[in-house]
Structures are given as C-alpha cells and as structure tokens.
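Engineer: Below: one structure in structure tokens.
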Amino acid sequence: MGAGDISMGSSPDISSLIACHECDLLHRQTALPPGGVACCTRCGAELYANPRDSLNRALALTLAAAILYVTLNVLPIVSLDAQGIVTTATLLGSARALHAAGMTSVALLVFATTIFVPTAYLFAMLYLLVPYKFGYTPPQMPEVLRAVHMLKHWGMIEVYLLGVMAALVKLGHLAIIKPGPSLWLLAALVFVLAAAVAAFDSHNFWHIGEAAGNRPLQ
Amino acid sequence: MSTPPVTAAALGLLSCHDCGLLSKPQDGHMACPRCGAPLHPRKVNSVARAWAFLIAAAVCYIPANLLPVMQAGSMFGSQKDTIFSGVVYLWNSGSEPIALLILFASIMVPLAKLITLTYLLISVQRRSLMRPLLRTKLYRLAEFIGRWSMIDIYVVALLVTLVQFGGFATIEPAPGAIAFGLVVILTMISALSFDPRLIWDPIEDKA
C-alpha cells in the first residue's frame with residue numbers, strides 16, 4: 001500500500017502531506033485499510049501504518065509483556081550444577097555479578113539495556129495507552145512519545161536471549177546446565193514485545209486521539 | 001511524467017523528527033505546532049557527530065579485539081579469552097553454529113558497520129549521486145544489525161554470574177569487555193546521528 005507522491009505544480013493542503021523521514025520525498029496521505037502500511041515510493045521506508053485494532057491490541061500486548069517481564073525477573077533463567085554446587089543467573093543477577101567483579105561500566109551497560117530501558121519502555125507505553133483507552137490524553141504526551149522512540153533503540157531483550165543460548169552451549173561442555181523457568185518467559189516476552197511494538201504506530205496514535213476527541217487529563 | 005519528485009525541503013517545509021507532522025515554519029518559529037519539538041531541516045550536525053562517534057568506535061575496536069574479554073581461573077591455572085579465542089574454543093569443542101554466530105555478531109558486524117558508515121559519510125560529503133537507494137538500504141542494515149553485537153557482552157555477564165565456584169573455577173570479566181561495549185554503543189550512536197536524507201539531497205539539487 002503506497003501513498004501517492006506529489007509532483008511540482010500542485011499546491012495541496014500541507015496537513016494532507018507527509019515527508020519521508022529517510023529521503024524527504026513528499027507524499028499525499030491516504031486513509032489506510034486496517035493492517036495497512038504506507039511506504040515511501042522512492043526509498044521504501046515505512047511512512048505510517050494503521051495497525052488492526054491498534055489501541056486495544058497494543059494495550060493488551062504491553063500489559064502481557066509487563067507481566068511476563070516482572071515474573072521473569074524473580075525466577076532463574078539458567079542454573080549451573082558443578083558437582084553438587086549450584087549457581088543460578090537472573091536478569092538482574094548478571095548485571096550485579098559484573099559489578100561485583102569490578103566491571104561497573106559493563107554492568108551498567110547490561111543493566112541499562114536489559115532492565116532500565118525495557119522497564120521504562122513498558123511504563124511509558126502504559127502511561128500513553130491506558131488514559132487513551134478511556135478517552136484522555138496524558139500530560140506530556142509528546143515528551144513521552146519522544147522517549148518511547150528513543151528507548152526502542154536501546155532495549156536489547158532479544159539479543160540477551162541469544163546470549164543465553166550461546167552461554168548454554170558454551171558451558172554445556174563443562175557442567176550440567178539447566179534452563180530455568182525464566183528462559184521460556186524470556187522467549188515469550190521477545191515475541192509479545194515485538195507484537196506490541198508492531199501494534200503501535202506513533203503517527204497513527206496522534207490520529208486516534210484526534211479522531212476520538214480525547215480530552216487532556218488534568 | 002517528467003516532473004521531478006518534490007521533497008519537503010524543496011517547498012520549505014519541515015517535518016517533525018518526533019511526531020512526523022509537516023509544517024511551514026513562520027517568522028523563524030522553529031517548533032512543531034502539534035508536539036512542540038524543535039524543528040530542524042536535517043539532524044543537527046549530522047555528519048560531524050556521526051564522524052566523531054565513528055572514529056571513537058574505530059579506536060576502541062582495536063583493544064576490543066586484542067584484549068581479553070574474560071579470564072577463566074581454576075586450581076589448574078588461569079586462561080585469558082579474547083573474542084576470537086572464544087570463537088576458536090567453541091569451534092574446536094564442536095559448537096560450530098554458535099562459533100559462527102559469535103564470529104559474525106562480535107567481529108564481522110562491528111567491522112562491517114565501521115566500513116559502511118565510513119563509506120556513507122564520505123559519499124555524503126562528496127555529494128555523491130551514485131545509487132542512493134542502495135546506500136539508503138546499507139544504512140538501514142547498519143542500523144538494524146548493530147545491536148546484535150551485544151551478544152558477547154551478555155555471554156560474558158552470564159558466564160561471570162554462573163561460574164563462581166571459589167577455588168574450583170571462576171570466570172572474571174577482563175578489560176576487553178569495556179572496549180567491546182564501547183564499540184557497540186559508539187557505532188549505534190554514530191548510526192543514529194547520521195541523517196539518511198543527506199544521501200538524497202544532492203540528487204534534488206541536481207534535478
């Protein structure tokens with residue numbers, strides 16, 4: 001589904017236009033069918049999307065992701081059994097072990113990408129979605145949307161999952177290594193989070209609020 | 001149809017970096033009328049910022065690969081592992097797929113990212129007209145794969161957490177991990193600073 005591009009000479013209303021954020025080409029915005037995506041006709045970048053039942057799905061999936069995330073933080077992801085001595089790793093535990101071993105900078109990097117950013121992202125999304133669902137625009141909505149946009153780059157839960165797999169293989173030769181319950185929660189979280197991100201389009205979010213006549217929440 | 005495609009810049013319109021709204025700035029008032037974000041025609045100091053982070057990343061790439069990222073100690077002595085020796089170890093112990101994954105994510109991806117961003121920055125500064133679509137796709141690829149290099153940092157974190165058996169066996173992180181983490185972050189910031197619209201600007205001016 002592409003949006004029509006504009007040729008010189010026509011002078012359409014600015015509000016019906018959108019510029020590609022990757023090549024600056026102007027397009028005339030058209031209403032998309034549910035599930036439709038508009039792509040730039042020149043460079044193929046995604047311009048805007050109309051995810052099916054966006055608000056409800058994004059809210060449901062974000063809530064599910066939040067529940068999975070909280071649960072997986074309390075249960076072990078992997079445990080290692082070396083001749084009866086058992087050690088376990090949790091999400092927070094791996095950041096803490098690096099700090100305890102004197103690598104605070106790397107610990108902070110792990111903490112930021114696996115704990116701080118995902119937590120902030122889930123909070124920010126719920127902050128936007130819950131009031132919206134009830135017809136309110138939350139205070140500071142533009143700033144929070146901006147934060148969501150930033151945070152999306154720095155959350156690396158899916159990379160961490162692959163890291164766990166690599167560590168399982170690496171230690172598998174040396175000791176008995178058992179995947180913990182949180183490994184499955186982590187795998188589920190990666191998919192739920194990806195679906196939650198796909199169900200949300202910030203461009204579309206503004207339209208939903210405008211179309212529903214959302215009131216500011218005081 | 002021979003009319004050239006029209007860009008926002010050609011009509012003096014600015015699009016908001018945050019909410020995407022298009023507006024015509026009036027009397028130098030450079031803020032988005034919908035969300036209030038400051039408006040800029042292109043990302044601010046894009047080329048200089050991207051270069052600065054890229055050069056810093058290239059400098060860190062050397063210690064990241066030469067210094068050990070972790071140190072395994074046991075009652076039989078200690079052994080230091082660089083990223084590459086870790087790959088060799090995995091390969092020799094029969095885990096070829098994981099060895100290739102780490103080789104790809106930790107050594108080849110950062111190097112490919114350094115080369116790609118260097119090429120993009122030079123081509124933009126020379127106002128190259130060559131294959132803008134291909135260069136835009138290269139940029140997207142560099143932006144997308146960069147995060148996967150973090151795998152090795154997480155592997156080190158997990159091994160340090162799990163292998164703590166006192167005198168029997170311990171794994172400690174080593175300084176190479178700091179350099180490696182910096183390479184990942186710096187190349188990511190460099191890619192985020194780069195504005196792909198700069199690839200297309202010379203093509204507009206030519207038309």
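Only the coordinates and a few stated rules stand behind these numbers; no lab work does. Remember, it's a predicted structure, so these values are computed and weren't measured experimentally. All Cβ positions, glycine included, derive from the backbone under ideal geometry; neighbour counts span all protein chains shown.
Engineer: How tilted is helix A:202-212 with respect to the longest principal axis of chain A? Cα atoms for both, answer in degrees (0 to 90, nearest 10).
Structural biologist: Approximately 60 degrees, to the nearest ten.
Engineer: Right, next: No partner Cβ under 4.7 angstrom, meaning no disulfide-compatible partner by this rule: which Cys of the protein assembly as shown qualify?
Structural biologist: Here A:39, B:60 come out as lacking a disulfide-compatible partner, given the Cβ-Cβ threshold of under 4.7 Å.
Engineer: Within the P(r) computed for the stretch A:1-130, what percentage of the Cα pairs occupies the region above 20 Å?
Structural biologist: Taking all Cα-Cα pairs of the stretch A:1-130, the fraction more than 20 Å apart is 66 percent.
Engineer: So what are the three principal axis dimensions of the protein assembly as shown from its Cα atoms, in whole Å, longest to shortest?
Structural biologist: The Cα atoms of the protein assembly as shown stretch 79, 52, 34 Å along their principal axes.
Engineer: Could you run the Debye sum over the Cα atoms of the stretch B:51-148, one equal point scatterer each and no solvent, and tell me log10 of I(q)/I(0) at q = 0.10, 0.13, 0.22 Å⁻¹, two decimals?
Structural biologist: Cα-only, vacuum Debye calculation for the stretch B:51-148: -0.39, -0.60, -1.14.
Engineer: Kindly write out, for the stretch A:167-176 in residue order, the coupling ³J(HN,Hα) from the Karplus curve 6.51 cos²θ - 1.76 cosθ + 1.60 (θ = phi - 60°), rounded to whole Hz, with x marking Gly and Pro.
Structural biologist: The phi angles translate into 5, 4, 5, 5, 8, x, 7, 9, 8, 7 Hz.
Engineer: Next up: Tell me, Kirkwood radius of chain B from alpha-carbon pair distances, in Å?
Structural biologist: About 19.8 Å for chain B.
Engineer: In addition: Would you mind pulling out the separation of the Cα centroids of the stretch A:190-210 and the stretch A:63-115, in Å?
Structural biologist: For the stretch A:190-210 versus the stretch A:63-115, the Cα centre distance is 29 Å.
Engineer: May I pose another question? Return the Rg/Rh value of the stretch A:102-218, two decimal places, where both radii are evaluated on C-alpha atoms and Rh is the Kirkwood radius.
Structural biologist: 1.11
Engineer: Now for a different question. Along the charge dipole of chain A, Cβ charges K/R +1 and D/E -1, which of A:105, A:157, A:70 sits furthest on the positive end?
Structural biologist: A:70
Engineer: How compact and how long is the stretch B:1-110, expressed as Rg and Dmax of its alpha-carbon atoms in Å?
Structural biologist: Values for the stretch B:1-110 (Cα only, Rg and Dmax): 24.9, 77 Å.
Engineer: When averaged across all projection directions, what area in nm² does the alpha-carbon convex hull of chain A cover? Intermediate values should be presented prior to the final figure.
Structural biologist: Details: hull surface 62.0 nm².
Answer in nm², one decimal: 15.5.
Engineer: Express the relative contact order of the stretch B:1-105 as a whole percentage, based on alpha carbon pairs under 8 Å and six or more residues apart in sequence.
Structural biologist: Over the stretch B:1-105, the number comes to 12 percent.
Engineer: OK, next. Peptides B:24-35, A:31-42: what's the order by average Cβ count within 10 Å, highest mean first?
Structural biologist: The most tightly packed comes first, giving A:31-42, B:24-35.
Engineer: Taking the Cα atoms only, what angle lies between the long axis of helix A:54-74 and the longest principal axis of chain A, rounded to 10 degrees?
Structural biologist: 10
Engineer: Under a plain spin-label model, where a point goes 7 Å from the Cα along Cα-to-Cβ, how far apart in nm are residue B:111 and residue B:55?
Structural biologist: Distance between the two pseudo-spin positions: 2.4 nm.
Engineer: Let me ask another. Does the stretch A:74-138 come out rounded, prolate or oblate, given a ≥ b ≥ c as the square roots of the eigenvalues of its C-alpha gyration tensor, rounded meaning a/c under 1.5 and, failing that, prolate meaning a/b above b/c?
Structural biologist: oblate
Engineer: Quick one: angle between helix A:91-100 and the longest Cα principal axis of chain A, in degrees between 0 and 90, rounded to 10, please.
Structural biologist: 60
Engineer: Let me ask something additional. Which of the chymotrypsin sites (Phe, Trp or Tyr not before Pro) found in the stretch A:86-145 are loop residues per DSSP with 14 or fewer other Cβ atoms within 10 Å of their Cβ?
Structural biologist: Answer by residue number: A:134.
Engineer: Along its three principal axes, how long is the stretch A:37-84 when you only count alpha carbons? Whole Å, largest extent first please.
Structural biologist: Extents along the principal axes: 62, 28, 11 Å.
Engineer: For the stretch A:151-181, list residues with backbone N below 13 Å from a point placed 7 Å from the Cα of residue B:74 toward its Cβ?
Structural biologist: Label zone hits: A:171-176.
Engineer: With unit charges on the beta carbons (Lys and Arg positive, Asp and Glu negative) and the dipole taken about the Cα centre of the stretch B:87-207, which residue among B:178, B:162, B:198 sits farthest to the positive side?
Structural biologist: The one lying farthest along the dipole's positive direction is B:198.
Engineer: Another question, if that's okay. Per the helix-only calculation at 222 nm, which mean residue ellipticity applies to the protein assembly as shown, given -39500 (n - 2.57) for every DSSP H run of n ≥ 4 and division by its residues, nearest 500 deg cm²/dmol?
Structural biologist: -17000 deg cm²/dmol, from helical runs alone.
Engineer: Could you line up A:20, B:60 from fewest to most neighbouring Cβ atoms inside 10 Å?
Structural biologist: B:60, A:20
Engineer: Over the Cα atoms, compute the radius of gyration (one decimal) and Dmax (the largest Cα-Cα distance, rounded to a whole number) for the stretch B:1-41, in Å.
Structural biologist: 11.6, 38
Engineer: Looking at the protein assembly as shown only, what percent of DSSP beta bridges run antiparallel? Nearest 5 please.
Structural biologist: 90
Engineer: Check every DSSP H run in chain B and write down those whose alpha carbon atoms cover 15 angstrom or more along the long axis and whose mean Kyte-Doolittle hydropathy is 1.6 or greater.
Structural biologist: Span-like helices in chain B: B:151-162, B:176-193.
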